[in-house]
Amino acid sequence: MSQDTTAHSPEITTLASREIYANRWMRLREDSIRRADGQEGIYSVVEKPDFAVIAAVQDGQIYLVEQYRYPVAGRHWELPQGTWDKDESDPLGLARAELQEETGLRAGQMQWVGHLYLAYGFCTQAYDLFLATDLSQGPQALEPEEQGLICRSFAIETVLEQVRGGQLQDATTVAALGLLRLKGLI
(Lines give C-alpha, C1' and ligand atoms only; values in the text may rest on other atoms or scores of the structure.)
Protein backbone atom coordinates (compact mmCIF):
# COMPACT_ATOMS: atom_id res chain seq x y z
CA MET A 1 0.00 0.00 0.00
CA SER A 2 1.33 3.43 -0.94
CA GLN A 3 1.93 6.05 1.69
CA ASP A 4 1.63 9.80 1.17
CA THR A 5 5.09 11.28 1.74
CA THR A 6 4.52 14.68 0.13
CA ALA A 7 4.51 16.54 3.46
CA HIS A 8 7.62 14.77 4.80
CA SER A 9 11.30 15.39 4.14
CA PRO A 10 13.05 12.60 2.25
CA GLU A 11 14.28 9.68 4.30
CA ILE A 12 17.48 9.56 2.25
CA THR A 13 19.31 12.60 0.87
CA THR A 14 21.63 12.36 -2.14
CA LEU A 15 24.97 14.06 -1.43
CA ALA A 16 26.71 13.21 -4.71
CA SER A 17 26.18 10.95 -7.70
CA ARG A 18 28.56 9.43 -10.24
CA GLU A 19 28.07 7.30 -13.31
CA ILE A 20 29.76 3.91 -13.03
CA TYR A 21 28.69 2.44 -16.39
CA ALA A 22 26.37 3.25 -19.29
CA ASN A 23 25.32 1.75 -22.61
CA ARG A 24 22.30 2.29 -24.86
CA TRP A 25 20.06 0.09 -22.67
CA MET A 26 21.00 1.05 -19.13
CA ARG A 27 22.96 3.27 -16.78
CA LEU A 28 24.49 2.34 -13.41
CA ARG A 29 25.16 5.11 -10.94
CA GLU A 30 26.52 5.18 -7.41
CA ASP A 31 25.15 7.78 -5.03
CA SER A 32 26.67 9.01 -1.80
CA ILE A 33 23.74 9.34 0.58
CA ARG A 34 22.73 10.49 4.05
CA ARG A 35 20.02 8.56 5.86
CA ALA A 36 17.43 10.21 8.10
CA ASP A 37 19.47 9.34 11.21
CA GLY A 38 22.53 11.15 9.79
CA GLN A 39 24.54 8.07 8.81
CA GLU A 40 26.18 8.28 5.40
CA GLY A 41 26.55 5.48 2.91
CA ILE A 42 26.27 4.57 -0.75
CA TYR A 43 23.41 3.41 -2.91
CA SER A 44 23.79 1.84 -6.35
CA VAL A 45 20.95 2.49 -8.81
CA VAL A 46 20.30 0.92 -12.20
CA GLU A 47 18.46 3.31 -14.53
CA LYS A 48 16.55 1.70 -17.37
CA PRO A 49 13.71 3.04 -19.50
CA ASP A 50 10.19 1.94 -18.69
CA PHE A 51 8.63 -0.83 -20.76
CA ALA A 52 5.25 -2.16 -21.80
CA VAL A 53 3.72 -5.57 -21.08
CA ILE A 54 0.85 -6.80 -23.19
CA ALA A 55 -1.72 -9.46 -22.34
CA ALA A 56 -3.23 -10.33 -25.72
CA VAL A 57 -6.44 -12.24 -25.05
CA GLN A 58 -9.01 -13.73 -27.40
CA ASP A 59 -11.57 -16.54 -27.06
CA GLY A 60 -10.22 -17.74 -23.68
CA GLN A 61 -6.65 -17.83 -25.02
CA ILE A 62 -3.69 -15.67 -24.03
CA TYR A 63 -0.56 -15.18 -26.13
CA LEU A 64 2.88 -15.84 -24.66
CA VAL A 65 6.31 -15.63 -26.22
CA GLU A 66 9.24 -17.89 -25.48
CA GLN A 67 12.79 -16.71 -25.92
CA TYR A 68 16.28 -17.38 -24.71
CA ARG A 69 17.18 -15.21 -21.73
CA TYR A 70 20.94 -14.93 -21.58
CA PRO A 71 21.36 -13.90 -17.89
CA VAL A 72 19.64 -17.10 -16.70
CA ALA A 73 20.84 -19.27 -19.62
CA GLY A 74 17.46 -20.65 -20.58
CA ARG A 75 14.33 -20.33 -22.66
CA HIS A 76 11.28 -19.03 -20.81
CA TRP A 77 7.64 -18.22 -21.59
CA GLU A 78 6.39 -14.71 -20.80
CA LEU A 79 3.90 -12.10 -21.89
CA PRO A 80 5.08 -9.96 -24.82
CA GLN A 81 7.05 -7.05 -23.40
CA GLY A 82 9.69 -4.56 -24.37
CA THR A 83 10.98 -1.04 -24.51
CA TRP A 84 12.35 1.43 -26.99
CA ASP A 85 16.03 2.32 -26.81
CA LYS A 86 15.21 5.95 -27.57
CA ASP A 87 13.57 8.71 -25.56
CA GLU A 88 9.90 7.93 -25.91
CA SER A 89 7.10 8.37 -23.43
CA ASP A 90 4.05 6.91 -25.19
CA PRO A 91 3.25 3.68 -23.30
CA LEU A 92 0.27 2.85 -25.53
CA GLY A 93 2.29 3.33 -28.73
CA LEU A 94 5.06 1.19 -27.28
CA ALA A 95 2.59 -1.54 -26.30
CA ARG A 96 1.09 -1.63 -29.80
CA ALA A 97 4.55 -1.72 -31.41
CA GLU A 98 5.85 -4.50 -29.12
CA LEU A 99 2.73 -6.62 -29.61
CA GLN A 100 3.02 -6.43 -33.40
CA GLU A 101 6.79 -6.91 -33.37
CA GLU A 102 6.87 -10.00 -31.15
CA THR A 103 3.58 -11.70 -32.08
CA GLY A 104 2.41 -10.17 -35.35
CA LEU A 105 -0.87 -9.32 -33.60
CA ARG A 106 -2.70 -6.04 -33.96
CA ALA A 107 -5.25 -5.10 -31.33
CA GLY A 108 -8.53 -3.37 -32.10
CA GLN A 109 -8.80 -2.52 -28.38
CA MET A 110 -6.02 -1.73 -25.89
CA GLN A 111 -6.97 -1.19 -22.24
CA TRP A 112 -4.45 0.21 -19.76
CA VAL A 113 -4.48 -2.03 -16.68
CA GLY A 114 -1.80 -0.64 -14.38
CA HIS A 115 1.68 0.70 -13.72
CA LEU A 116 4.14 -1.39 -11.68
CA TYR A 117 7.81 -1.05 -10.72
CA LEU A 118 10.08 -3.90 -11.77
CA ALA A 119 12.47 -3.90 -8.79
CA TYR A 120 12.46 -0.54 -7.04
CA GLY A 121 14.98 -1.66 -4.45
CA PHE A 122 17.76 -1.08 -6.98
CA CYS A 123 16.24 -0.05 -10.31
CA THR A 124 14.19 2.88 -11.65
CA GLN A 125 12.46 0.79 -14.33
CA ALA A 126 8.68 0.44 -14.30
CA TYR A 127 6.14 -0.91 -16.75
CA ASP A 128 2.66 -0.30 -18.00
CA LEU A 129 0.38 -3.31 -18.45
CA PHE A 130 -2.15 -3.37 -21.28
CA LEU A 131 -4.93 -5.79 -22.15
CA ALA A 132 -5.13 -6.26 -25.92
CA THR A 133 -8.35 -7.62 -27.43
CA ASP A 134 -10.09 -7.73 -30.82
CA LEU A 135 -6.94 -9.25 -32.30
CA SER A 136 -5.96 -9.75 -35.93
CA GLN A 137 -2.88 -11.65 -37.10
CA GLY A 138 -0.10 -10.20 -39.23
CA PRO A 139 3.62 -10.86 -39.63
CA GLN A 140 6.14 -10.63 -36.80
CA ALA A 141 8.95 -8.04 -37.05
CA LEU A 142 11.59 -9.43 -34.67
CA GLU A 143 14.68 -7.45 -33.69
CA PRO A 144 18.15 -9.09 -33.71
CA GLU A 145 17.98 -9.53 -29.91
CA GLU A 146 14.78 -11.56 -30.36
CA GLN A 147 16.21 -14.28 -32.60
CA GLY A 148 14.49 -17.59 -31.94
CA LEU A 149 11.45 -16.00 -30.29
CA ILE A 150 8.38 -18.24 -30.47
CA CYS A 151 4.80 -17.00 -30.09
CA ARG A 152 1.91 -19.26 -29.10
CA SER A 153 -1.53 -18.98 -27.58
CA PHE A 154 -2.51 -20.97 -24.49
CA ALA A 155 -5.76 -21.43 -22.61
CA ILE A 156 -5.80 -18.84 -19.82
CA GLU A 157 -6.41 -21.54 -17.20
CA THR A 158 -3.38 -23.49 -18.49
CA VAL A 159 -1.16 -20.43 -18.03
CA LEU A 160 -2.53 -19.80 -14.53
CA GLU A 161 -1.82 -23.44 -13.66
CA GLN A 162 1.77 -22.97 -14.93
CA VAL A 163 2.07 -20.02 -12.54
CA ARG A 164 0.70 -22.07 -9.62
CA GLY A 165 3.02 -24.97 -10.48
CA GLY A 166 6.13 -22.80 -10.79
CA GLN A 167 6.75 -23.52 -14.47
CA LEU A 168 6.12 -19.92 -15.53
CA GLN A 169 8.85 -17.96 -13.72
CA ASP A 170 8.98 -14.49 -15.26
CA ALA A 171 8.10 -12.20 -12.34
CA THR A 172 6.71 -9.49 -14.61
CA THR A 173 4.37 -11.98 -16.28
CA VAL A 174 3.27 -13.47 -12.95
CA ALA A 175 2.56 -9.99 -11.51
CA ALA A 176 0.70 -8.95 -14.66
CA LEU A 177 -1.45 -12.08 -14.66
CA GLY A 178 -2.21 -11.55 -10.98
CA LEU A 179 -3.28 -7.95 -11.56
CA LEU A 180 -5.41 -8.96 -14.55
CA ARG A 181 -7.06 -11.69 -12.48
CA LEU A 182 -7.65 -9.41 -9.47
CA LYS A 183 -9.33 -6.86 -11.73
CA GLY A 184 -11.52 -9.57 -13.28
CA LEU A 185 -10.07 -9.09 -16.75
CA ILE A 186 -9.03 -12.73 -17.24
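The values are calculated or read from the model by the stated rules, or taken from the named source; none is laboratory data. Everything quoted here is computed from the prediction, not taken from an experiment. Here Cβ is always computed from backbone atoms with ideal geometry, including for glycine, and neighbour counts include all displayed protein chains. Just so you know, the surface numbers come from the protein's heavy atoms only, side chains and all, with ligands and any DNA or RNA stripped out. Shrake-Rupley method; radii C 1.70, N 1.55, O 1.52, S 1.80 Å.
Filter segment 120-139 down to residues that are small (G, A, S), over 10 Å from the mean Cα position of the chain (by Cα) and closer than 19 Å to G82 by Cβ, then give me how many there are. Even if it seems obvious, please write down each step before you answer.
Start the filter on segment 120-139 by keeping residues that are small (G, A, S), which leaves 121, 126, 132, 136, 138.
Narrowing further to those that are over 10 Å from the mean Cα position of the chain (by Cα): 121, 132, 136, 138.
Still in the running and closer than 19 Å to G82 by Cβ: 132, 138.
Looking only at that region, the number is 2.
Of all residues in segment 148-161, none satisfies the criterion of being touching a residue at least 24 places away in the same chain (Cβ under 8 Å), over 18 Å from A56 (Cβ atoms) and open to solvent by 70 Å² or more (accessible area, probe 1.4 Å). Inspection of segment 59-74 finds a residue satisfying the criterion of being farther than 28 Å from Q137 by Cβ, aliphatic (A, V, I, L, M) and outside any loop (DSSP other than H, G, I, E, B). Only residues that are open to solvent by less than 80 Å² (accessible area, probe 1.4 Å) and under 23 Å from E145 (Cβ atoms) were counted across segment 12-26, and they come to 3.
Output yes when any residue across segment 77-91 is in contact (Cβ under 8 Å) with a residue 40 or more places away in the chain and either of a type in the set (G, A, S) or surrounded by fewer than 17 Cβ atoms within 10 Å (Cβ to Cβ) (or both), and no when none is. Yes.
Answer yes or no as to whether L116 is assigned to a strand (DSSP E or B) and either at pLDDT below 95 or more than 14 Å from A55 (Cα to Cα) (or both).
Working: assigned to a strand (DSSP E or B): yes; either at pLDDT below 95 or more than 14 Å from A55 (Cα to Cα) (or both): yes.
It is true that L116 is assigned to a strand (DSSP E or B) and either at pLDDT below 95 or more than 14 Å from A55 (Cα to Cα) (or both).
For every residue, the table says whether it meets (1) modelled with pLDDT of 95 or more; (2) of a type outside the set (D, E, K, R).
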site: A97; (1), (2): no, yes
site: E101; (1), (2): no, no
site: A126; (1), (2): yes, yes
site: L160; (1), (2): yes, yes
site: D170; (1), (2): yes, no
site: A176; (1), (2): yes, yes
site: L180; (1), (2): yes, yes
site: I186; (1), (2): yes, yes
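Tallying residues that are free of Cβ contacts under 8 Å to residues at least 60 places away in the same chain and surrounded by 16 or more Cβ atoms within 10 Å (Cβ to Cβ) within segment 34-64 yields 0. Scanning segment 102-140 for residues that are surrounded by fewer than 18 Cβ atoms within 10 Å (Cβ to Cβ) and among the charged types (D, E, K, R) yields R106, D134.
Taking the criterion of being out of contact with any Asp or Glu (no Cβ under 8 Å at 6 or more places or on another chain) and among the hydrophobic types (A, V, I, L, M, F, W, C), the residues of segment 114-130 that qualify are L116, L118, A119, F122, L129, F130.
How about segment 92-110: which of its residues are assigned to a helix (DSSP H, G or I) and closer than 13 Å to D134 by Cβ? Those that are assigned to a helix (DSSP H, G or I) and closer than 13 Å to D134 by Cβ: R96, L99.
Would you mention how many residues in segment 172-186 are open to solvent by 20 Å² or more (accessible area, probe 1.4 Å), among the hydrophobic types (A, V, I, L, M, F, W, C) and touching a residue at least 12 places away in the same chain (Cβ under 8 Å)? Talk me through it step by step, then tell me what you get.
Step one: of segment 172-186, the residues open to solvent by 20 Å² or more (accessible area, probe 1.4 Å) are 174-175, 178-179, 181-186.
Next, only the ones that are among the hydrophobic types (A, V, I, L, M, F, W, C) stay: 174-175, 179, 182, 185-186.
Filter again for touching a residue at least 12 places away in the same chain (Cβ under 8 Å), leaving 175, 179, 185-186.
Residues that pass the stated criteria total 4.
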